[in-house]
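Notes to accompany the following structure.
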Amino acid sequence: MGIHVHPRLKRWIFWTGVTAFLLISLQLSALAFPQPWFSHQARYGNLTFYADAEINPEHEAAMRQVVARLRPIELHDSTAHLRVFMASDPGLYTVFARLAFVPPVVPGFNLSVLDNSFISVAGVYERNEWHGGGFPYSALEGNLAQCIAHEVMHDYMVGESGFLRSLRLPAWKKEGYAEYGASLALIQADTAVTLSERIHIMQTRSMADRAREYYSWGLVVEFLCEKRDYNHSAVMADSVTLESAYTQMMEWYRTQAR
């Protein structure tokens, strides 16, 4: 015996489904093609930058720095055409962050499946004011080039590992490697703040537990790559755990402090 559904309920279900489909379609369309909200454009290397405000010399300098930072990384692919959307208006960034279910307080996010990265220019500068640039070679520093390079690194990592494989990777590997890759050029050229000194910052400087955890992930990946000669594939291997890698890093750090 079939279940009888009242015609009104049928119509309600139909139009609810249509409405949900349209809303999801609009959401995905806005995230995939946000260009109408960003009227300024610049191209550097394989990156196209879009901005909702006039691109000033400071922003241009950051764009050039991003290209310089990413060029030496193992995963760099000059044929990958990637897009970066820089929102100077906090309200505009908040709209896109919420569409992507990202907390607006986070100053940048990446949608690798669309090759799009979104940056809150005001959010990056605010982070710099909070932390005073006290966390070198990290997104916590509040450096525009660092933040952009970090998000673009996620595109390269997904391109290397594949989208489904990337979904299964632990957060410390994805975020830690993005931090490391975004800073690699500076780490290798500038010995003013060594890995050992930055581990000391992690241990002694006041910061929220979540920020300390995030900062440590970049240091752990840097330790594996720079002190143990791991490549990207080795870092992403299932056998490499955060607990073991962190322990090795701290044992190495103690030898440096003697």
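The values are calculated or read from the model by the stated rules, or taken from the named source; none is laboratory data. These numbers were taken from a predicted model, which means no experiment stands behind them. Reconstructed Cβ throughout: ideal geometry from the backbone, glycine too, with neighbour counts over all protein chains shown.
Numerical summary
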item	result
Qualifying residues in the range 101-127 (those that are small (Gly, Ala, Ser) and modelled with pLDDT of 95 or more) - the one nearest to the chain's Cα centre (by Cα)	Gly108
Residue list for the range 96-126, restricted to those being in contact (Cβ under 8 Å) with a residue 40 or more places away in the chain, of a type in the set (A, V, I, L, M) and not in a loop (DSSP other than H, G, I, E, B)	Leu99, Leu111, Val113, Leu114, Val121
Selected residue (only one of Ala237, Ala208, Ala245 is surrounded by fewer than 19 Cβ atoms within 10 Å (Cβ to Cβ), under 14 Å from Pro170 (Cα atoms), among the hydrophobic types (A, V, I, L, M, F, W, C) and out of contact with any His (no Cβ under 8 Å at 6 or more places or on another chain))	Ala237
The range 190-208 residues that are over 17 Å from Thr255 (Cα atoms), paired with ones that are modelled with pLDDT under 80 and surrounded by 12 or more Cβ atoms within 10 Å (Cβ to Cβ) (beta carbon under 7 Å, 6 or more apart)	Arg205/Gly134
Pairs where the first residue, in the range 27-46, is in contact (Cβ under 8 Å) with a residue 40 or more places away in the chain and the second is of a type in the set (Asp, Glu) and surrounded by 12 or more Cβ atoms within 10 Å (Cβ to Cβ), C-beta under 7 Å, 6+ apart	Trp37/Asp52; Phe38/Asp52
Residue, farthest from Glu197 (Cα to Cα), within the range 211-238, restricted to residues that are assigned to a helix (DSSP H, G or I) and among the acidic types (Asp, Glu)	Glu213
